[in-house]
1. Once you charge only the Cβ atoms, +1 for Lys and Arg and -1 for Asp and Glu, what is the size of the charge dipole of the protein assembly as shown about its Cα centre, to the nearest 20 debye?
2. Can you tell me what share of the DSSP beta bridges in the protein assembly as shown is antiparallel? A percent to the nearest 5 is fine.
3. How much accessible area per residue does the protein assembly as shown have, counting only protein heavy atoms and a probe of 1.4 Å, in square angstrom?
4. Above 13 angstrom, tally the Cα pairs of the range C:2-48 and express them as a % of all pairs, no decimals.
5. Could you tell me the center-to-center distance, by alpha carbons, between the range A:105-125 and the range D:73-146 in angstrom?
6. Could you tell me the accessible area of C:LEU77 in Å² (1.4 Å probe, neighbours in place), rounded to the nearest ten?
7. Output the 0 to 90 degree angle, nearest 10, between the alpha-carbon long axis of helix B:128-138 and the longest principal axis computed from the alpha carbons of chain B.
8. Could you give log10 I(q)/I(0) at q = 0.15, 0.34 Å⁻¹ for the range D:81-126, computed by the Debye formula over C-alpha point scatterers of equal weight, without solvent?
4 protein chains.
Amino acid sequence: MPDPFHFSTEIRVRLPETDAFGIVFHGCFFTYFDVARMDYVRNLGMMDFIRPISGFTAPIAHASCDFKSPAKFDDVLVVHARVAEIGRTSFTMDFRVIHKNANALVATGKTVQVVVDEKSWKAIPVPDAFRTKVRAFEGRDLVERA
Amino acid sequence: MPDPFHFSTEIRVRLPETDAFGIVFHGCFFTYFDVARMDYVRNLGMMDFIRPISGFTAPIAHASCDFKSPAKFDDVLVVHARVAEIGRTSFTMDFRVIHKNANALVATGKTVQVVVDEKSWKAIPVPDAFRTKVRAFEGRDLVERA
Amino acid sequence: MPDPFHFSTEIRVRLPETDAFGIVFHGCFFTYFDVARMDYVRNLGMMDFIRPISGFTAPIAHASCDFKSPAKFDDVLVVHARVAEIGRTSFTMDFRVIHKNANALVATGKTVQVVVDEKSWKAIPVPDAFRTKVRAFEGRDLVERA
Amino acid sequence: MPDPFHFSTEIRVRLPETDAFGIVFHGCFFTYFDVARMDYVRNLGMMDFIRPISGFTAPIAHASCDFKSPAKFDDVLVVHARVAEIGRTSFTMDFRVIHKNANALVATGKTVQVVVDEKSWKAIPVPDAFRTKVRAFEGRDLVERA
């Protein structure tokens with residue numbers, strides 16, 4: 001089966017991201033996901049997609065991570081990212097973190113973003129411009145609803 | 001129905017926990033959960049429970065959070081924490097974050113910790129000392145398995 | 001000689017503030033100073049002093065810290081803070097961090113803030129309201145210039 | 001006059017490094033310095049220099065930063081780093097942060113590290129291996145003291 005991930009970002013673990021247990025503090029993986037998400041968006045030429053159209057933003061409604069093996073200081077991590085699903089007013093991104101040198105699975109994760117009107121903070125439909133670009137990039141692996 | 005949460009910790013949002021959107025960066029909630037978890041453990045007189053017995057530790061295998069409303073700089077948050085379930089080799093903690101002044105739900109979350117042998121990093125049974133103390137504190141709201 | 005510090009805040013070291021060396025990452029002390037600074041301002045009833053008057057803000061122009069002894073996870077630190085000097089367009093705050101249980105000096109630090117006009121980002125005189133309140137609180141230990 | 005800096009690292013500002021003022025939280029610059037320091041050490045083939053010889057480490061005794069202009073989310077920063085001075089038991093690193101796109105000075109900084117014996121935590125002479133490698137890299141810009 002072909003890999004559904006078509007994009008990745010490399011991150012080198014920084015000292016302050018580790019904790020007294022000698023490994024990366026689990027909460028830092030959400031920072032890694034954020035870096036990969038922004039890099040994904042930049043790669044599609046939509047860096048303003050945080051606010052792609054005036055009056056538009058997409059706060060994170062859900063975030064989760066499963067930790068498979070620890071990462072340490074100075075480890076190079078490959079963070080794979082993809083938009084897995086676009087719904088009517090939200091979209092889901094999946095993440096996979098690989099230890100580059102050991103080629104080991106470090107973590108998998110997911111975030112759900114809801115597209116909202118900046119003033120009312122109410123959910124609005126996912127903009128077509130975003131939908132079109134992601135569809136072109138992700139191809140048949142993208143699930144679209146409504 | 002009585003509230004299943006019997007413990008909480010107060011946190012005041014620090015400036016570096018906010019981001020350029022003017023709200024708390026979503027990943028910081030996992031830090032808040034960690035603070036509440038450690039405070040919970042301290043409250044049970046088990047602060048060494050991170051390593052309650054030599055050769056014992058409990059890394060986080062899963063963490064998730066649902067974000068309900070944003071928190072801002074200087075907001076006081078009440079972070080409720082409880083051990084919801086103890087399995088054979090793992091236990092689950094639930095979290096609920098309330099905006100103290102507005103009495104609004106900010107986030108709910110969950111973490112799963114696996115008890116492992118420090119040397120082999122293999123799962124081992126949840127120690128009885130931990131099980132007993134949590135049972136006494138949580139009472140009938142605690143779900144126990146195997 | 002009387003202690004020039006008249007204000008302090010307590011902080012308990014969080015796990016993500018420690019690093020793989022088992023001690024607090026040195027950069028986190030600037031977060032501790034920030035927490036103490038905000039608490040100082042709140043104590044003077046000037047929490048809006050970040051923007052005390054519309055069109056006013058005080059970015060940090062300099063920050064430094066001398067590290068005397070390490071702090072560890074779960075340590076309680078007493079962070080002393082004071083405005084040591086008010087100049088024409090800037091003011092200096094001093095900090096001292098004490099390990100509460102060991103009563104040991106952990107660090108000393110200093111920040112310089114420049115008062116600027118929010119739009120032009122140019123330095124403007126320190127507002128009288130701030131000067132007056134700080135003078136009343138710090139008393140003879142405060143150094144004032146022009 | 002030739003530039004005394006011979007080494008630099010690029011960093012892209014991450015969202016959680018910004019704060020509610022819309023700019024990078026000042027304390028994050030010490031993380032940037034740390035990333036550059038580690039990269040500098042790696043470039044000299046001394047990545048183990050944190051503990052180059054068993055029983056050796058070099059904690060930070062002093063850190064300071066002067067902030068010249070703000071950095072924002074997604075800005076690319078060039079962090080220049082150099083060992084400016086080696087003393088008997090300590091060494092000083094200088095840093096300079098440039099906004100890559102605007103070619104503007106963002107910050108300058110300095111850290112002092114003391115070489116200590118890991119067990120006694122007492123200062124010991126800077127190891128010759130470190131001294132020799134840095135001297136070869138920095139050339140005449142390096143100041144050495146006894």
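The values are calculated or read from the model by the stated rules, or taken from the named source; none is laboratory data. Note that the structure is predicted; figures quoted are calculated from it, not measured. Reconstructed Cβ throughout: ideal geometry from the backbone, glycine too, with neighbour counts over all protein chains shown. Side chains included, ligands, DNA and RNA excluded: accessible areas come from the protein's heavy atoms. Shrake-Rupley method; radii C 1.70, N 1.55, O 1.52, S 1.80 Å.
1. My answer is approximately 0 debye.
2. So the antiparallel bridges in the protein assembly as shown amount to around 95 percent.
3. Accessible area per residue: 44 Å².
4. Tail fraction, whole percent: 63.
5. 42 Å
6. 0 Å²
7. 40 degrees
8. -0.51, -1.08
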